[in-house]
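A short worksheet on the structure shown next.
The values are calculated or read from the model by the stated rules, or taken from the named source; none is laboratory data. Keep in mind that what you see is a predicted model, and the values were worked out from it rather than measured. Backbone-built Cβ (ideal geometry, glycine too); neighbour counts: all protein chains shown. For accessibility, only protein heavy atoms count, side chains too; no ligands or nucleic acids. Shrake-Rupley method; radii C 1.70, N 1.55, O 1.52, S 1.80 Å.
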Amino acid sequence: MPDIVALGEPLVQFNAVTDGPLRHVTYFEKHATGSEANVCVAAVRLGVSCGLITRLGTDEFGLFIYNWLRGEGVDVSHIRFDPERPTGIYFVQRNYPIPGVSDVLYYRRGSAASALNPNDVDPEYVGSARVFHTTGITMAISDTARSAAFRGLEVARSRGVTISFDVNYRKKLWPHIEDAVSVLSKALSFVDIVFLDEDEAGLLLGVSAVDEVFKELRSRFSINRIVLKLGLKGSIAYWDGRIVKVDAFRVPVKDPIGAGDAYAGVFLASILKGYDVERAMRRASAAAALVVMVRGDEENLPREEDLARFLEGYGRQVDLR
Ligand code: KDG
């Protein structure tokens with residue numbers, strides 16, 4: 001059984017090859033993505049086993065995603081195919097209208113994964129993992145997927161499995177912000193490890209100063225393992241009483257989408273491999289930096305040797321010949 005079991009929707013991403021508004025873009029590159037799937041691939045590339053619970057269409061895009069995950073070594077035994085519904089897709093517009101920022105257009109309503117439901121959550125599978133991971137995206141895509149996510153949280157909690165949750169607030173998926181606040185807050189009450197950024201903290205907790213975020217998450221939700229992502233300012237964690245800050249690596253950004261998943265996947269895998277929190281954060285930051293340098297979310301997710309080379313060579317003039 002896998003060390004990590006994740007639950008969520010993989011998506012095919014069509015990433016604009018050129019910058020600017022999509023109405024003027026002619027060429028798109030196809031990539032396999034989706035937050036929880038990215039986390040799985042990040043983990044397995046570092047040798048930590050991961051399985052994904054999801055649903056895919058029987059269309060070409062579903063087969064593309066399935067082959068990707070299977071080829072990477074993700075456990076696909078809990079992926080179901082739905083002949084009636086399509087695999088979700090989305091388009092990425094880069095560097096417009098805000099330089100360095102990507103926008104997305106989702107075509108995922110009624111997707112196969114939006115039909116995820118609590119019956120997809122096998123208690124034996126979730127219960128035998130070391131970590132169960134899901135995100136706020138799964139809570140947003142449909143009522144049944146949300147119920148599946150909560151079922152996963154309940155099973156994990158009752159079986160003593162560590163619960164990892166990335167808030168991943170996507171405003172385009174939540175027509176009513178107050179629903180997001182109430183659902184994501186309910187999710188936080190299950191969580192052992194949370195990943196969030198300052199905006200998400202502001203939304204859910206009404207505070208964004210680091211010490212207040214930690215205080216709120218600890219006192220209101222009893223979470224003692226918190227990773228707060230600060231973008232270019234790096235990341236800071238509260239970890240069982242210890243506060244650790246790690247700088248971000250400055251790299252040329254092609255497309256920032258996927259950085260958070262790279263961070264979460266590499267962080268979790270590193271913790272499971274026995275790294276202390278500071279080294280896990282540094283490795284996670286390195287992975288996030290690698291991922292933003294290319295279009296797509298997963299191509300630059302590192303193996304151990306890539307991470308080592310990045311961490312050793314960053315900021316230095318290195319001759320790789
Ligand atoms: O974190 C990257 C993901 O956001 C991206 O791959 C698409 O899963 C996705 C989503 O739902 O936004």
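Table for the structure above
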{"read-out": "For residue 60, solvent-accessible area (1.4 Å; no DNA, RNA or ligand), Å²", "value": "140"}
{"read-out": "Inverse mean reciprocal Cα-Cα distance (Kirkwood Rh) of the chain, Å", "value": "19.6"}
{"read-out": "Cα-based equivalent ellipsoid, the range 204-249: semi-axes from gyration tensor eigenvalues, Å", "value": "19, 13, 7"}
{"read-out": "Per-peptide average of other Cβ atoms within 10 Å, ordering 200-211, 147-158 highest first", "value": "147-158, 200-211"}
{"read-out": "Spin-label model distance (nm) - residue 29 vs residue 158, 7 Å beyond Cα toward Cβ", "value": "4.5"}
{"read-out": "Net charge, residue 43 excluded, C-beta distance under 13 Å - Lys, Arg +1, Asp, Glu -1", "value": "-2"}
{"read-out": "Residue 80-residue 242 FRET efficiency (beta carbon distance; Förster radius 56 Å; 0.05 resolution)", "value": "0.85"}
{"read-out": "Computed over the range 117-204, Kirkwood Rh from alpha-carbon pairs, angstrom", "value": "13.0"}
{"read-out": "Local electrostatic count, residue 110, Cβ distance below 14 Å [Lys/Arg +1, Asp/Glu -1]", "value": "-1"}
{"read-out": "Chain lengthening between residue 251 and residue 306 when straightened (0.36 nm per residue, less Cα-Cα)", "value": "18.2 nm"}
{"read-out": "Mean Kyte hydropathy of -0.5 or more with a Cα span along the axis of at least 15 Å, helices from DSSP in the chain", "value": "35-45, 60-72, 143-158, 177-188, 259-272, 277-292"}
{"read-out": "Cβ-defined net charge surrounding residue 244, 12 Å radius [Lys, Arg +1; Asp, Glu -1]", "value": "+1"}
{"read-out": "Value of relative contact order over the range 4-302, rounded to a whole percent, pairs C-alpha under 8 Å and six or more apart", "value": "17"}
{"read-out": "Average projected area [Cα convex hull, the range 187-321], square nanometres", "value": "8.6"}
{"read-out": "Under-5 Å amide H pairs with residue 51, H placed in peptide plane, nonlocal only", "value": "4, 5, 6, 75"}
{"read-out": "Rounded accessible area of residue 54 (nearest 10 Å², 1.4 Å probe)", "value": "0"}
{"read-out": "Projected label distance in nm at residue 130 and residue 276, using a 7 Å step from Cα toward the beta-carbon", "value": "1.9"}
